[in-house]
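Notes to accompany the following structure.
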Amino acid sequence: MGFLTRPGWLVTGLSIVAVAAARTLAVPEFYLLGAVGLAMTAMAVVSVARPRRPLAIHRAVHPPRVHVGEVSRLTLEVSNPTRRRTMIMTLHDPVTRSGPAVLAMAPLSPGESRRATYRLPTRHRGVVRVGPLSGVRSDPFGLASRTEELADVVEITVLPVVEPLGSSVGGSGLVDDFNGLSRSRRGPMGGDEFSSLREYVEGDDLRRIHWPSTARTGSLLVRQDDPPWRGRLTVVLDTRAGRLAGPAFETAVSAAASLLSAAADRGEQCRLLMTDGTDSGPSDGPADMESILNRLARVEPGPDGVLPRVGDGLFGGDTVVVTGPIDQSNLGELAGLTTRGSLLWVVEVADTAATRAVMTPPGSAFGSNSHTEPSVQFVRLEAGHPVGPALSAAFAAGAVR
């Protein structure tokens, strides 16, 4: 059904006044003015109340997943597949964290198409919802209008900032792109490691036959190799609002994303744990890393949760916990974040770059057994500042145990 607009109500009111004045003053011209005005508003309502001629609408987001600050655009194409001219229409496309996109569209001739592109807000991490797209039809004089939903909601995911963690590690004896995280125990790379011998099976590569053992036993034996050793890294993100909030929380999410992405680029298995109960499980390829980044795009500070006990699992490897400033009261929470012989990094995100107030030896919180006590390193980040340089410098300086 069509509805009168403000000009439509004004014309209707003036027309009624004109008719009343014509009767009171006996001026026939006022009857004519009133009748014309009422006829115009009636025709306007009827024109917009008629069923809408079908429109072909296509909306696409390019790209649907971006990191904070990157460009993402929505392309809207409207076509008229009918044999009749469309009415004047105004399109409204609501966008979260921004005002709606408003597009005035002149009537479309049969077979005509129009396209519009607008940039979406990506300054903040999270999910941006666009739509539902609605169209407001109106008559040529703007006396009546009708609003209809034309398309559903589309979403884009704004991923956290991922920063590179340096190109080398100076003075630590560790090399490559990730400054030593989960690398201090890695064996030689570039090939499988010899494990055992087994009998030759038809189809085996003849180059893998172990000739000394074959000559000694009289049977063809081939080398059975194990795949290269893969590093493992667990990142624990503290999502409790009492520990991290505002810019500090965003910096912590960026640090977690950067650490996991760097490890994944090296071919290591990664695991994300959060105090809200999230457990990504071990990653195994780019698809799993995309899922982890999607989780980080949607995470928000919450009121509850505890640091998970990483040592209770079987994943192993080193651990990085990203949390707020550590003091004596919460130092003991870190005890469950390590496994025997592992390396623990504690990344503290603070509102300022003040010097750490807690310099308690790890043994006071983790026990006194030097054979099982994990190595603990503390890193300080300042909220709202890039995390890459600070993490790279800290890991380069403290990677050797």
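Among the residues making up region 267-296, those that are surrounded by fewer than 19 Cβ atoms within 10 Å (Cβ to Cβ), in contact with an Asp or Glu (Cβ under 9 Å, 6 or more places away or on another chain) and either at pLDDT 80 or above or small (Gly, Ala, Ser) (or both) are 276, 281.
Among the residues of this structure, residue 221 does not count as one that is closer than 30 Å to residue 323 by Cα and either modelled with pLDDT of 70 or more or charged (D, E, K, R) (or both).
Within the option set 61, 45, being surrounded by 14 or more Cβ atoms within 10 Å (Cβ to Cβ), within 49 Å of the chain's Cα centre (by Cα) and part of a strand (DSSP E or B) holds for one residue only, 61. Residues that are β-branched (Val, Ile, Thr) and within 30 Å of residue 250 (Cα to Cα): does region 35-57 have at least one? For region 35-57, residues β-branched (Val, Ile, Thr) and within 30 Å of residue 250 (Cα to Cα): absent.
With a requirement of 2 or more residues that are under 19 Å from residue 317 (Cβ atoms), the helices (runs of 4 or more DSSP H) lying completely within region 199-305 that satisfy it span 247-265, 286-298.
When residues in region 229-260 are screened for being crowded, with 22+ Cβ neighbours inside 10 Å and under 19 Å from residue 164 (Cβ atoms), 12 of them pass. Considering region 90-121, and only residues there that are hydrophobic (A, V, I, L, M, F, W, C) and either not assigned by TED's automatic domain parsing to the domain that holds residue 154 or not in a strand (DSSP E or B) (or both), the residue that is farthest from residue 57 (Cα to Cα) turns out to be 120. For region 100-126, filtered to residues that are touching a Leu at 6+ places or on another chain (Cβ under 9 Å) and of a type in the set (Lys, Arg), the residue that is surrounded by the most Cβ atoms within 10 Å (Cβ to Cβ) is 125.
The values are calculated or read from the model by the stated rules, or taken from the named source; none is laboratory data. Here the structure is a predicted model, which means the values were calculated and not measured. Heads up, the Cβs are rebuilt from the backbone with ideal geometry, glycines too, and the neighbour counts pull from every protein chain shown.
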